[in-house]
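Asker: Have a look at this one.
The values are calculated or read from the model by the stated rules, or taken from the named source; none is laboratory data. Computed from a prediction, not measured in an experiment: that's the story for all the values here. Reconstructed Cβ throughout: ideal geometry from the backbone, glycine too, with neighbour counts over all protein chains shown. Calculation scope for accessible area: heavy atoms of the full protein, side chains included, ligands and nucleic acids excluded. Shrake-Rupley method; radii C 1.70, N 1.55, O 1.52, S 1.80 Å.
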Amino acid sequence: TPEQARGRSFEVVFLPGLAERIFPQRVSEDPILLDALRKELDHGLPVQDDRVQSERLQLKLAAGAPRRRIYISYPRLEVARARQRVPSFYALDVQRATRGEIPRFEQLENEWRREAAAALDWPAPVDAARAIDEMEHDLAVLGPLLRHPADDSLKGRARYLLDLNEHLARSLRARHKRWESGWSSADGLLRRNKIVDEALAGDLLTARPYSASALQRYALCPYQFLLSAIHKLEPREEAVPLVQMDPLTRGSIFHRVQADFMRRLQQSGGLPVTMENLGNAQRALDETLAAVDEQQRDQLAPAILQVWRDSIEGIRTDLRGWLQRMADSPSEWRPIHFEFGIGFPPEEGRDPSSLKEPVTLKGGYQFHGYVDLIERHSGGRELRVTDYKTGANRTRDGMVLGGAEVLQPVLYGLAVEAALHEHVGEGRLYFCTSVGGFRDRVVALHEVARQRGLQVLETVNRAVERPFLAPAPKEGACAWCDFRIVCGPMEERRIAGKNPDVLDDLNTLRGLP
């Protein structure tokens, strides 16, 4: 720091950051003890003028330390906000000291811009010899080559990049292949051979079970499906400011309370919920939430207790709204199973009738998952499966599979039929919070819906067998993908230049209503 340079000298000194709000920083009074009171106390307490003089002294110490040369610079852009910065008035003082006059701000900015010749989208000087690190040097070399690609005299100028490091060379060649119009091994798993067949043999849908949420990822992007459902990768957990409970924890608590509460009412004879027994049901709901809250709070140890409590109160409000609508709208459906596990043994929080083994659907495809609610029609003719949703309702009228992105209503229905050997007539999504508007989306399990559900399973299984597990995201899918850091931000643009014939199966799935 300039203070540490006091009394010392150096051949060369670099003084970066001569921009407003960096050097000098914004000077403000101490809000606890204002300058007027400081002066009245007269105990040598620093005031604003003292702070300004101290800062000027820092500049003088830095300027007096070099014996031969000093380099002074300022950042022209505030990267976080993509906003232009203004040089500090201290920079004008330096110019006055060296030139004998004070230049205009515009003149100073233009001179420094020509000197640096770097930009946010290409942070490198024009002359590679002036680069301060390897990245700036390589960009400075590549800049002229990209601006004049047709000049034969420039060919081979960047060859050194392929000779520097074998890993860099492999990366550059793979990047080049990924931007070609043809599909290649650089795009992901696309070529079938003995090694690939052996590696993926145990991941066919006929060899091991998949859940509906895992299968839904294929329609969004086959590569996302590969990383998540086959390789079992997850994004690295990172510490973030805690301002509210994360959606996954909130949804887990919500579902747990619903299952425990409904099971409690079933055991006490409190089902169905009507206006007559609503009061007792509300008390049971509050007691169930309190028990789950205590258990989860003890297990997760939230850092800010008030944030946790506020989130629990929000859950309580939505649960009461869900219960009120249950009482207001008497139904012909009677609940029989809650959090019914298929491929998961009975344990705390799951229905006692849960099946330990996954089920095998038509075609030999294995399936597992949790069904939030199974109901029986009062006439005893058929069953209905329900998947609770705690987020916003983005489904459309007439939806069956939603472009193979909403598989729970159909696949849960087929799985419950295979598990309980009873006919399932409907699958349902119930958006049971205020965010979802307490609306439901019912899908009739007629023959067409069943065929489309099996079509999804057949297509995904064929993609694993062929294989076709390349980054081919649906429009807008990259913005919310957990693995964007793996692929980079331009996959949609890159895929647009590829041969589209390979995507026929995938596009057919995405076109399913």
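Asker: When only Cα pairs under 8 Å and 6 or more residues apart are kept, what is the percent relative contact order across segment 188-292?
Answerer: Relative CO of segment 188-292 lands at 17 percent.
Asker: Can you list the residues, at least 5 places off or on another chain, whose amide H is less than 5 Å from the amide H of Phe14, using H built in the peptide plane?
Answerer: For Phe14, whose amide H was placed from the backbone, the distant partners under 5 Å are Tyr71.
Asker: Let me ask something additional. Give, to the nearest whole percent, the P(r) tail of segment 255-387 beyond 22 angstrom, counting all Cα pairs.
Answerer: Details: 3987 of 8778 pairs.
Of all Cα-Cα distances in segment 255-387, 45 percent exceed 22 Å.
Asker: Would you kindly derive the ³J(HN,Hα) couplings of segment 26-36 from the backbone phi angles with the Karplus curve 6.51 cos²θ - 1.76 cosθ + 1.60 (θ = phi - 60°), listing them in order in whole Hz, with x for Gly and Pro?
Answerer: So the J values, rounded to whole Hz, are 5, 8, 9, 6, 5, x, 7, 9, 5, 4, 4.
Asker: Suppose only helical runs count, i.e. DSSP H with n ≥ 4. What mean residue ellipticity at 222 nm does that imply for the chain under -39500 (n - 2.57) per run, divided by all residues and rounded to the nearest 500 deg cm²/dmol? Present the calculation step by step, with values, prior to reporting the outcome.
Answerer: Numbers: 18 runs with 217 residues, N = 513.
My calculation for the chain gives -13000 deg cm²/dmol from helical runs alone.
Asker: Let me ask something additional. Simple spin-label model, 7 Å along Cα-to-Cβ: Val47 to Ser353 in nm?
Answerer: 8.2 nm
Asker: What is the log10 of I(q)/I(0) for segment 276-321, computed with the Debye formula using one identical point scatterer on each Cα and no solvent, at q = 0.13 Å⁻¹?
Answerer: After summing over all Cα pairs, the log10 values are -0.33.
Asker: Given a 1.4 Å probe and every protein chain left where it sits, what share in percent of the accessible area of segment 279-329 is carbon and sulfur?
Answerer: Numbers: 1260 of 2790 Å².
Ligands and nucleic acids excluded, carbon and sulfur give 45 percent.
Asker: On a C-alpha basis, how far is the centre of segment 155-174 from the centre of segment 399-464 in Å? Whole number, if you could?
Answerer: 50 Å
Asker: For segment 397-481, compute Rg over Rh where Rg is the Cα radius of gyration and Rh is the Kirkwood radius from the inverse mean 1/r over Cα pairs.
Answerer: Working: Rg = 15.2 Å, Rh = 14.7 Å.
Radius of gyration over Kirkwood radius for segment 397-481 works out to 1.03.
Asker: Please list Trp122, Trp333 from largest to smallest accessible area, probe radius 1.4 Å, with all protein chains kept in place. Can you show the working numbers first?
Answerer: Numbers: Trp122 85, Trp333 30 Å².
Largest accessible area first, the residues go Trp122, Trp333.
Asker: Provide the per residue accessible area, probe 1.4 Å, for segment 428-509, rounded to a whole number of square angstrom. Walk me through the numbers on the way to the answer.
Answerer: Details: 4030 Å² over 82 residues.
Ligands and nucleic acids excluded, the result is 49 Å² per residue.
Asker: Take the alpha-carbon centre of segment 467-486, take the same for segment 22-57, and report the distance between them in whole Å.
Answerer: Rounded to whole Å, the Cα centres lie 54 Å apart.
Asker: Also: Could you state, as a whole-number percent, how many of the C-alpha pairs of segment 65-161 are farther apart than 24 Å?
Answerer: Numbers: 1849 of 4656 pairs.
So the portion of pairs separated by more than 24 Å is 40 percent.
Asker: Here's a follow-up. Calculate I(q)/I(0) for segment 131-275 by the Debye formula, one identical point scatterer on each C-alpha and no solvent, and give its log10 at q = 0.15 Å⁻¹ to two decimals.
Answerer: -1.07
Asker: Using a 1.4 angstrom probe on the protein heavy atoms only, could you order Cys478, Cys432 from most to least accessible area?
Answerer: Working: Cys478 20, Cys432 0 Å².
Per-residue accessible area, sorted high to low, gives Cys478, Cys432.
Asker: Would you list which aspartates and glutamates come within 16 Å of Lys232, measuring only between C-alpha atoms, while excluding same-chain residues fewer than 8 positions from it?
Answerer: Straight-distance partners of Lys232: Asp203, Asp482.
Asker: Quick one: length gained pulling Glu180 to Leu305 fully straight, 0.36 nm per residue minus the C-alpha distance?
Answerer: On the way: separation 125, 0.36 × 125 = 45.00 nm, distance 5.29 nm.
Answer, rounded to one decimal: 39.7 nm.
Asker: Quote the charge dipole size of segment 238-384 about the Cα centre in Debye, to the nearest 20; the model charges only the Cβ of Lys and Arg (+1) and of Asp and Glu (-1). Can you show the working numbers first?
Answerer: Values: 17 positive and 22 negative charges, 89 e Å.
For this selection, approximately 420 debye.
Asker: I would also like to ask the following. Below 8 Å, C-alpha to C-alpha, sequence gap of six or more: please give me the relative contact order for the chain in percent.
Answerer: Details: 690 pairs, mean separation 69.6, N = 513.
Reported as a whole number, the value is 14 percent.
Asker: Give me the percent relative contact order of segment 385-506, please, defined on Cα pairs under 8 angstrom at least 6 residues apart. Numbers along the way, then the final one.
Answerer: Numbers: 134 pairs, mean separation 26.8, N = 122.
The normalised contact order for segment 385-506 reaches 22 percent.
Asker: With no solvent and one equal point scatterer placed on each C-alpha of segment 1-50, evaluate the Debye formula and give log10 I(q)/I(0) for q = 0.25 Å⁻¹, two decimals.
Answerer: Per q value, in the given order, log10 I(q)/I(0) is -0.95.
Asker: If you don't mind, another one. List every residue whose amide H lies under 5 Å from the amide H of Asp387, counting only residues 5 or more places away in sequence or on a different chain, with H placed 1.01 Å from N in the peptide plane.
Answerer: Arg428, Leu429, Tyr430
Asker: Applying 1/(1 + (r/R0)^6) with R0 = 51 Å to the Cβ-Cβ distance of His148 and Arg21, what FRET efficiency is obtained, to the nearest 0.05?
Answerer: Efficiency for this residue pair is about 0.85.
Asker: Go through Ile315, Ile22 and list them by solvent-accessible area, largest first, probe radius 1.4 Å. Mind dumping the intermediate values first?
Answerer: Details: Ile315 0, Ile22 65 Å².
Putting Ile315, Ile22 in descending order of accessible area: Ile22, Ile315.
Asker: Grab the Cα-Cα distance for Ser213 and Gln451, subtract it from 0.36 nm times how many residues apart they are, and report the gain in nm with one decimal.
Answerer: Fully extending the segment from Ser213 to Gln451 adds 83.8 nm.
Asker: In square angstrom, rounded to the nearest 10, how much accessible surface does Ser9 have for a 1.4 Å probe?
Answerer: For Ser9, the solvent-accessible surface is approximately 60 Å².
Asker: Whenever you get a sec, compute what percent of the accessible area on segment 66-142 sits on carbon and sulfur atoms (1.4 Å probe).
Answerer: Values: 2800 of 5320 Å².
Here it works out to 53 percent.
Asker: Between segment 225-282 and segment 60-123, how far is it from one alpha carbon centroid to the other, in angstrom?
Answerer: Cα centroid to Cα centroid, the span is 56 Å.
Asker: Once the piece of chain linking Met490 and Lys232 is laid out straight, how much longer is it, given 0.36 nm per residue of separation minus the C-alpha distance between them?
Answerer: Working: separation 258, 0.36 × 258 = 92.88 nm, distance 2.38 nm.
Residue separation times 0.36 nm, minus the Cα-Cα distance, leaves 90.5 nm.
Asker: Determine which lysines satisfy two conditions relative to Lys60: a Cα distance under 28 Å, and not lying fewer than 8 residues away in the same chain.
Answerer: Once the sequence-local lysines are set aside, what remains near Lys60 is Lys39.
Asker: Okay, moving on. Go through Lys177/Lys389; Lys356/Lys474; Lys362/Lys474; Lys194/Lys498 and tell me which ones have a Cα-Cα distance over 32 Å in this structure.
Answerer: Details: Lys177/Lys389 41 Å; Lys356/Lys474 35 Å; Lys362/Lys474 28 Å; Lys194/Lys498 26 Å.
Correct reply: Lys177/Lys389; Lys356/Lys474.
Asker: Taking the full set of protein chains and a 1.4 angstrom probe, give the accessible area of Ser181 in square angstrom, rounded to the nearest 10.
Answerer: 80 Å²
Asker: Need one number: nm distance between label points at Arg68 and Arg113, each 7 Å from Cα along Cα→Cβ, rounded to one decimal.
Answerer: 3.3 nm
Asker: Assuming a viscosity of 1.567 mPa s and a temperature of 4 °C, what translational diffusion coefficient in µm² per second does Stokes-Einstein assign to the chain, Rh being the Kirkwood radius over Cα pairs?
Answerer: Working: Rh = 29.2 Å.
The diffusion coefficient I find is 44 µm²/s.
Asker: Compare the Cα positions of Ala199, Ala116, Ala158 along the charge dipole of segment 102-240 (+1 at Cβ of Lys, Arg; -1 at Cβ of Asp, Glu; about the Cα centre) and return the one farthest towards the positive end.
Answerer: Ala199
Asker: Could you compute how much accessible surface Met135 exposes when probed at 1.4 Å, giving the result in Å² to the nearest 10?
Answerer: About 110 Å², rounded to the nearest 10.
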